[in-house]
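The values are calculated or read from the model by the stated rules, or taken from the named source; none is laboratory data. Everything numeric in this text was worked out from a predicted model, so none of it was measured. Positions of Cβ are backbone-derived with ideal geometry, glycine not excepted, and every protein chain shown enters the neighbour counts.
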Amino acid sequence: MHHSTLTLKSPLSPNGFSSPFEFHQHSGLMIQAVLAPTLFYNHKILKPHHQILKNCCSRDARFCVPKYSLSVAHGERLTSVGVDKEFDVATLGNLCVDIVLNVPELPPNSREERKAYMDELSQSPPDKKYWEAGGNCNMAIAAARLGLHCTTIGHVGNEIYGDFLLDVLRKEGISMTGMSEQGQITSSSSAEYETLQCWVLVDPSQRHGFCSRADFSKEPAFSWMVKLSMEVKMALKQSKVLFCNGYGFDELPPSLIVSALEYAAEVGTSVFFDPGPRGKTLANGTPDEQKALDMLLRMSDVLLVTSEEAESLTSIGDPILAGQELLRKGVRTKWVIVKMGQKGSILITMSSISYAPSFKVNVVDTVGCGDSFVAAIAFGYIHNLPLVHTLTVANAVGAATAMGSGAGRNVAALGNVMELLKRSNLNEDDKYLKDVLINGLHGQEVTFLSRKAVNGSNKQLVHVPVQKVVSEVLPKLEFGLLKGNVPV
């Protein structure tokens, strides 16, 4: 039998780790990697699940024991090790029922008037035809429709809204892992553990306003949650990817989010984080919020930001330079993805830059587009697609969602995504390509998707024809149709 030994240390502290794991007090984490279902930590057997380590040197290896190292170059992060896990994707918190209403005008800006407005709306629940699964349900549904096996980790109440949400998830083939242990909620009032509702208000100009009870409390909606249950830990352990977003802070205490992040790192689950609009408020929030945001930005494997959010977090206007700054500050970060709307998206690693323009579509509603986009990024990450292929699928899934109205069950169906890919009608912007990518190559290789031939030659530019990408990704997407409950 072949053995290999890795000594992994985190730069977070002189001891190697800063989180409250049992072994973090030691000077290093010694892992004896045996090509059999056994892990040893300082010669003590860690709890295995099926085959813990396999294909240790494979280029496909992506899911592993924690990826900490001081001995490798910053751009040469330790690759993950393939692990047999039950779920492809788990989402953390941010489970809510969206109640979508057309209103003559959006609610006023003042906090008191908005609260009164919402209380008036809440007095009589509207017809179920206005209800929709919201929050991280959008990402989970979009991922499930790509053929990924998903679970949502969070809390829903034992009432009509909770029943509705669970029914939607079940019909989409998504499981639910509750975050509260039996007897944990013994002194809470019913309002504190009811399913969160978000009022999505649309005015005649199709502008959106959002409000929920979480907007009017200094504490997270489920502040009574104090620890991760054994069920939650098992779901984290059994997931290849954990997705967190900034809105999770509206529900969960920062300490609980940090605990989930640390445990995911411990059990080899890759973390995706999208701070969203909450990133800016968290950066100026309570000390606990700032600390948790900083950890998520540094400890996530994949960061997803808009160009505006990237600038807000780094004070750098150039999206590539901003992405590179986020990557440089990261400890575990492999990818930083900058979403730029109609201009497309950029994926930045330590050694490369990939760019894919958006698809031309008739945009009806942008709600849920970002959630759909990240679901496709997870699809590409899990299936080890080339980076520009991953961006292409993500842009198509986001565009297909934009063609519909609302999120939840209205996010992109796989058939629509495949049709967009086949048409390959890209929103190419030659000026943007020249100004940002060609003139500002930043010393790295740039791979970009295009229908057009590129004039001249440049060793740093790698042109990938969209027809080639589509021919290679369609079979993988078609396989999703064979896996079961995937709407077309």
Phe359 fails exactly one of (1) under 18 Å from Phe448 (Cβ atoms); (2) buried (at least 20 other Cβ atoms within 10 Å of the Cβ); (3) in contact with a Lys or Arg (Cβ under 7 Å, 6 or more places away or on another chain), namely (3)
Inspect all residues belonging to the range 87-109 and state whether any of them is charged (D, E, K, R), surrounded by fewer than 20 Cβ atoms within 10 Å (Cβ to Cβ), at pLDDT 80 or above and more than 24 Å from Lys233 (Cβ to Cβ). yes
Taking Val271 and the conditions (1) in a loop (DSSP other than H, G, I, E, B); (2) modelled with pLDDT of 95 or more, which numbered condition does it fall short on, given that it satisfies the others? (1)
Give the range 85-114 a look and list any residue that's among the acidic types (Asp, Glu) and touching a strand residue (DSSP E or B) at 6+ places or on another chain (Cβ under 8 Å), or say none. Glu86, Asp88, Asp98
Is it the case that Gly276 is within 16 Å of the chain's Cα centre (by Cα), modelled with pLDDT under 95 and not in a helix (DSSP H, G or I)? yes
Within the range 128-169, how many residues turn out to be among the acidic types (Asp, Glu) and touching a Leu at 6+ places or on another chain (Cβ under 9 Å)? 0
Hits in the range 389-409 (condition: under 10 Å from Val367 (Cα atoms) and over 18 Å from the mean Cα position of the chain (by Cα)): Ala402, Gly404, Ser405, Gly406
Report, ordered by the first and then the second residue, all pairs with beta carbons closer than 6 Å, sequence separation of six or more or different chains, a first member in the range 239-265 that is without any contact (Cβ under 8 Å) to a residue 60 or more places away in the chain and within 15 Å of Met179 (Cα to Cα), and a second member that is of a type in the set (Asp, Glu) and surrounded by fewer than 24 Cβ atoms within 10 Å (Cβ to Cβ). Pro254/Asp288; Pro254/Glu289
Being assigned to a helix (DSSP H, G or I), touching a strand residue (DSSP E or B) at 6+ places or on another chain (Cβ under 6 Å) and either aromatic (Phe, Trp, Tyr) or under 20 Å from Ser255 (Cα atoms) (or both) is the requirement here; does Leu296 meet it? yes
Given the conditions (1) on the phi > 0 side of the Ramachandran plot; (2) buried (at least 21 other Cβ atoms within 10 Å of the Cβ), report the number of the one that Ile257 does not fulfil. (1)
Let me spell it out: the conditions are (1) on the phi < 0 side of the Ramachandran plot; (2) in contact (Cβ under 8 Å) with a residue 60 or more places away in the chain, and Gly173 meets all of them except one. Which number is the exception? (1)
Please report, ordered by residue number, the strands (runs of 3 or more DSSP E) entirely within the range 109-225 with at least 2 residues that are under 26 Å from Tyr381 (Cβ atoms) and under 25 Å from the mean Cα position of the chain (by Cα). 131-135, 150-154, 175-178
Can you run down the residue pairs with Cβ atoms below 9 Å, 6 or more apart or on separate chains, where the first is in the range 330-348 and closer than 15 Å to Val397 by Cα and the partner is assigned to a strand (DSSP E or B) and among the small types (Gly, Ala, Ser)? Lys339/Ser345; Gly344/Ala356; Ser345/Ser354; Ser345/Ala356
So which of Ala292, Ala264 ends up being touching a Leu at 6+ places or on another chain (Cβ under 6 Å) and of a type in the set (Gly, Ala, Ser)? Ala264
